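Structure first, then comments.
The values are calculated or read from the model by the stated rules, or taken from the named source; none is laboratory data. Since we're looking at a predicted model, the values are computed, not measured. No Cβ is skipped: glycine too gets one built from the backbone with ideal geometry, and neighbour counts run over all protein chains shown. We work out accessible area using only protein heavy atoms, side chains counted, and drop any ligands, DNA or RNA first. Shrake-Rupley method; radii C 1.70, N 1.55, O 1.52, S 1.80 Å.
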Amino acid sequence: MKTLVLKVDPEKPEAEKIQVAANFIKQGGLVAFPTETVYGLGADALNSEAVTALFEAKKRPLDNPPIVHVGSAKSVYSLAQQVPPKAERLMRLFWPGPLTLVFKRSQAVPEVTVAGLDTVAVRMPKHAVALALIKQSQCPIAAPSANLAGKPSPTTAEHVFEDLNGRINAILDAGPTSVGVESTVLDVSVDPPMVLRPGGTPFEALRKVLGDVVLHPFVSAEQELPVGKARSPGMKHKHYAPNAEVIVVEGAIPDVVAKINELAETYRRKGVKVSVLATDETAPAYNADVVKSLGSRFNLAVVAQNLFRLLRELDAEGVDVIVAEGVPTEGLGLAVMNRLRKAAGYHIVKAP
Ligand code: TXA
Ligand code: MG
């Protein structure tokens, strides 16, 4: 299959380009498109064959359902069997935006789109290109992140191309995404609502609105938890992993710096190509083959924005090991640490 790359204006997407992409979706094809979080790989959510092809293109396990993207809160009522008042409040406050809500599903949603579950995950993205594509396609769009299963999510069209060239019909290229980590997944089919995946909408913001909201134990896990406890299929699968081995070092900053230099030295003596994923404040203190900074420790939104891109860049440099600095688990830091710990397969070193 030839993959068409269409450059579009991120704010005022050209109608004729959106039309080309929407035609693919309407015909059951696959189109990658930008959202504010990461690039998604879209298919008509109500077309079982299209969604099956979507799983195949990503090599995604069939038990892990994608998020259904809608163009307005109104569309939720045909996808969900029940929309609790709390969810309506959240939609008013956080949509469009990086918050996915899990509802009891209606019969309108095909079995394959929800991987056989009795719930459906829905969100309205905050990106002009995504919204134009949904509107022009005249259907809700099922879209997991547009990476090969297990790889870091794509924050640029180039990342999508790397993973999926020749496997999908088109890529809408509107430049880098702004949030950089995926949406927060909140289950509102239970009470109190439960965060199943931390993401672009901070837990603190949800707590402020809801009062009572809980974190699933997987969200802040520091070790692999028994799969039987998973509430979201995505919790069970290997994720965000670059080719290099990842180690996360957590603790107070001076201890972390000392520990990382010690680890880097040990690896280098063994002839292993070591990189450090640092922050602006600490980067000059490291001795390693490659040092990259995620941004300031005091701006976790920027750290989130850079995370997946830097993991991919380090792979491209052919490093064998990535030693990453932990960041505080507040605001977007909770999503960053969740992704880093998973990328590391929970290889976490506590410093000192
Ligand atoms: O920001 C995002 O959410 C991006 C962009 C493209 O919108 N999408 C994304 O999709 O990250 P994906 O498929 O890579 O992740 C969806 C997550 C998975 O962890 C999946 O297990 C979970 O949502 N999920 C989907 N449906 C669910 C359901 N009915 N119940 C619980 N978890 C669900
Ligand atoms: Mg994903």
Quiz item: Which of the residues belonging to the stretch 78-124 are without any contact (Cβ under 8 Å) to a residue 40 or more places away in the chain and under 15 Å from Ala45 (Cβ atoms)?
Solution: Ser78, Arg105, Ser106, Gln107
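Tell me, which strands (runs of 3 or more DSSP E) wholly within the stretch 182-266 include 3 or more residues that are closer than 30 Å to Glu88 by Cα and within 19 Å of the chain's Cα centre (by Cα)?
Details: elements: 184-187, 194-197, 245-250.
In the stretch 182-266, 184-187, 194-197 are the strands (runs of 3 or more DSSP E) which contain 3 or more residues that are closer than 30 Å to Glu88 by Cα and within 19 Å of the chain's Cα centre (by Cα).
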Quiz item: Limited to the stretch 284-293, what total is found for residues that are over 13 Å from Glu262 (Cα atoms) and crowded, with 16+ Cβ neighbours inside 10 Å?
Solution: 5
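Condition check: charged (D, E, K, R), open to solvent by 10 Å² or more (accessible area, probe 1.4 Å) and near ligand 1 (Cβ under 9 Å from one of its atoms). Does Arg197 satisfy that?
On the way: charged (D, E, K, R): yes; open to solvent by 10 Å² or more (accessible area, probe 1.4 Å): yes; near ligand 1 (Cβ under 9 Å from one of its atoms): yes.
Here the answer is yes, as Arg197 does meet what is asked.
Confirm whether Ser153 is within 8 Å of ligand 1 (Cβ to nearest atom), outside any strand (DSSP E or B) and of a type in the set (S, T, N, Q).
Details: within 8 Å of ligand 1 (Cβ to nearest atom): yes; outside any strand (DSSP E or B): yes; of a type in the set (S, T, N, Q): yes.
Yes.
Can you name the residue in the stretch 30-68 that is assigned to a strand (DSSP E or B) and open to solvent by 10 Å² or more (accessible area, probe 1.4 Å) and, of all such residues, is farthest from ligand 1 (Cβ to nearest atom)?
Within the stretch 30-68, the subset assigned to a strand (DSSP E or B) is 31-34, 39-44, 67-68.
When the remaining residues are screened for being open to solvent by 10 Å² or more (accessible area, probe 1.4 Å), the result is 44, 67.
Working: Asp44: 15, Ile67: 5 Å.
Out of the qualifying residues, it is Asp44.
Give the residues of the stretch 185-220 that are touching a Pro at 6+ places or on another chain (Cβ under 7 Å) and either free of Cβ contacts under 8 Å to residues at least 40 places away in the same chain or over 26 Å from Glu158 (Cβ atoms) (or both), sorted by residue number.
If the condition is that a residue be touching a Pro at 6+ places or on another chain (Cβ under 7 Å) and either free of Cβ contacts under 8 Å to residues at least 40 places away in the same chain or over 26 Å from Glu158 (Cβ atoms) (or both), then Leu186, Asp187, Val188, Thr201, Leu210, Asp212, Val213, Val214, Val219 are the ones that fit.
Working carefully through the options Glu245, Glu182, Glu250, find the one that is among the charged types (D, E, K, R), surrounded by 15 or more Cβ atoms within 10 Å (Cβ to Cβ) and under 24 Å from Tyr39 (Cα atoms). Talk me through it step by step, then tell me what you get.
Working: Glu245 fails: under 24 Å from Tyr39 (Cα atoms); Glu250 fails: under 24 Å from Tyr39 (Cα atoms).
Just a single option satisfies the conditions, and that option is Glu182.
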